[in-house]
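Taking it in order: structure first as structure tokens, then the write-up.
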Amino acid sequence: MVPSFIYLLGSAVKIAVGTSLASFISMAIVSGAFKLYQGVVDVVAAIALGVRTITGAQIGARLTKIVPPWAIKVIFGFVFLYVSLRFVWQGYVCLD
């Protein structure tokens, strides 16, 4: 979502990151509740991941104040390029 906010909608990097994180909260709550109801959640692992996510979000929020917006754009660009190339490569390999 962040690259699309930045490159397609022209949003500022900090706005794109914040909006993306805020939207994930509601999606995580709803989908997590459904999966918990279905009984397919490892509660201990979910709690461990949640604690680490909270820690990572705090670190990331502090880093966005320090790291210049152009650097964040470059990082997201490389990640997006890497993921895209992996999808293309996996599609190519599956055809063989």
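The values are calculated or read from the model by the stated rules, or taken from the named source; none is laboratory data. All values reported here derive from a predicted model rather than from experimental measurement. Every residue, glycine among them, receives a Cβ derived from its backbone with ideal geometry; neighbour counts consider all protein chains shown.
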- prompt: So which residues in region 1-19 are within 14 Å of T64 (Cα to Cα) and touching a residue at least 12 places away in the same chain (Cβ under 8 Å), if there are any at all?
  reply: V2, A12, V13, K14, A16, V17, T19
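Taking the stated definitions as given, is Y37 at pLDDT 90 or above and of a type in the set (F, W, Y)? Give the steps one after another, and end with the answer.
On the way: at pLDDT 90 or above: yes; of a type in the set (F, W, Y): yes.
Answer is yes for this residue.
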Residues that are β-branched (V, I, T) and modelled with pLDDT under 90, drawn from region 75-96: I75, V93
- line: When region 41-96 is checked residue by residue, the ones that are exposed (fewer than 10 other Cβ atoms within 10 Å of the Cβ) and either of a type in the set (K, R) or in contact (Cβ under 8 Å) with a residue 12 or more places away in the chain (or both) are K65
- prompt: Across region 79-96, what is the total count of residues that are in a helix (DSSP H, G or I) and among the acidic types (D, E)?
  reply: 0
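I need a count of the residues in region 1-40 that are assigned to a helix (DSSP H, G or I), aliphatic (A, V, I, L, M) and surrounded by fewer than 11 Cβ atoms within 10 Å (Cβ to Cβ). First the steps, then the outcome.
In the first step, residues of region 1-40 are kept if they are assigned to a helix (DSSP H, G or I); the result is 2-8, 13-38.
Within this subset, residues satisfying the condition of being aliphatic (A, V, I, L, M) are 2, 6, 8, 13, 15-17, 21-22, 25, 27-30, 33, 36.
With the extra rule that they be surrounded by fewer than 11 Cβ atoms within 10 Å (Cβ to Cβ), the set shrinks to 8, 22, 25, 27, 29-30.
Going through region 1-40 one residue at a time, the tally reaches 6.
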